[in-house]
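Written below as structure tokens is the structure these notes are about.
The values are calculated or read from the model by the stated rules, or taken from the named source; none is laboratory data. What you are looking at is a predicted structure, and each value in this text was computed from that prediction instead of being measured. Cβ: placed from backbone, ideal geometry, glycine included. Neighbour counts: every protein chain shown.
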Amino acid sequence: MDLERLIAFYHALTPDSVERFPEFYSTDAYFKDPFNEVRGTRAIQRIFAHMFQQVDKPRFVVTEQMHGPHGATLLWEFSYRTRLWGRGEVQVIRGVSHLKFSGDGKISYHRDYWDAAEELYMKLPLIGRFMRWLKSALSAG
């Protein structure tokens, strides 16, 4: 896997470039994040196409990378502007992607880890108030 090429792909991701996922992912690749669990490049493409419908100006920036011959871990920041609530302020989600490579060098496994409660729910107008109260009530400090 040409990891630098993959990172450049994510940095420049657009609605049109979503069609390029088969260049990087195996046909039956597995993908999981806090909201989705799918198999296959077409299903992965649908997730990212949906992202472009839900938010304005989405952008991934890989901030760190660790890799070996059979996989990689990417730390990233995802910034976007909200469409559903707020005033379109820039939001940032920080997460980690665990990638495994198949024999042909493509991604066969992609698991994203990020805290949906902290990074998303706490920013919602009504749910956020409850989440902040809950966090405060459960905090040891």
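Can you spot a residue in segment 41-55 that is of a type in the set (Ser, Thr, Tyr) and loosely packed, with under 14 Cβ neighbours inside 10 Å?
Initially, segment 41-55 is screened for residues of a type in the set (Ser, Thr, Tyr), giving 41.
The next check asks that each one be loosely packed, with under 14 Cβ neighbours inside 10 Å; those that pass are none.
No, segment 41-55 has no match at all.
For the condition out of contact with any strand residue (DSSP E or B) (no Cβ under 9 Å at 6 or more places or on another chain) and among the hydroxyl-bearing types (Ser, Thr, Tyr), what is the one hit in Ser26, Ser17? Before the answer, list the steps.
Values: Ser26 fails: out of contact with any strand residue (DSSP E or B) (no Cβ under 9 Å at 6 or more places or on another chain).
None of the other options fit; the residue is Ser17.
Could you tell me which of the residues Ala43, Ala49 is more than 14 Å from Ser97 (Cα to Cα) and out of contact with any helix residue (DSSP H, G or I) (no Cβ under 9 Å at 6 or more places or on another chain)? Break it down into steps so the answer makes sense when it comes.
Working: Ala49 fails: out of contact with any helix residue (DSSP H, G or I) (no Cβ under 9 Å at 6 or more places or on another chain).
Being more than 14 Å from Ser97 (Cα to Cα) and out of contact with any helix residue (DSSP H, G or I) (no Cβ under 9 Å at 6 or more places or on another chain) holds for just one of Ala43, Ala49, which is Ala43.
Return the only residue of Arg83, Arg87 being at pLDDT below 90, touching a helix residue (DSSP H, G or I) at 6+ places or on another chain (Cβ under 8 Å) and loosely packed, with under 13 Cβ neighbours inside 10 Å. Write out each step before concluding.
On the way: Arg87 fails: touching a helix residue (DSSP H, G or I) at 6+ places or on another chain (Cβ under 8 Å).
Answer to the selection: Arg83.
Looking at segment 60-69, is at least one residue in contact (Cβ under 8 Å) with a residue 12 or more places away in the chain, assigned to a loop (DSSP other than H, G, I, E, B) and buried (at least 16 other Cβ atoms within 10 Å of the Cβ)?
No, segment 60-69 contains no residue that is in contact (Cβ under 8 Å) with a residue 12 or more places away in the chain, assigned to a loop (DSSP other than H, G, I, E, B) and buried (at least 16 other Cβ atoms within 10 Å of the Cβ).
Taking the conditions exactly as written (of a type in the set (Gly, Ala, Ser), over 22 Å from Asp115 (Cβ atoms) and part of a strand (DSSP E or B)), does Ser26 satisfy them or not?
On the way: of a type in the set (Gly, Ala, Ser): yes; over 22 Å from Asp115 (Cβ atoms): yes; part of a strand (DSSP E or B): yes.
The answer is yes for Ser26.
Got at least one residue in segment 112-125 being assigned to a strand (DSSP E or B), of a type outside the set (Val, Ile, Thr), surrounded by 14 or more Cβ atoms within 10 Å (Cβ to Cβ) and at pLDDT 95 or above? Show your work before the answer.
Of all residues in segment 112-125, those assigned to a strand (DSSP E or B) come to 112-113.
Going one step further and asking which of them are of a type outside the set (Val, Ile, Thr), we end up with 112-113.
Now drop any that are not surrounded by 14 or more Cβ atoms within 10 Å (Cβ to Cβ), which leaves 112.
Going one step further and asking which of them are at pLDDT 95 or above, we end up with 112.
Yes: one or more hits.
If the Cβ limit is 6 Å and pairs must be 6+ apart or interchain, which residue in segment 18-37 that is touching a residue at least 40 places away in the same chain (Cβ under 8 Å) pairs with which residue that is in a loop (DSSP other than H, G, I, E, B) and of a type in the set (Lys, Arg)?
Tyr25/Lys106; Ser26/Lys106
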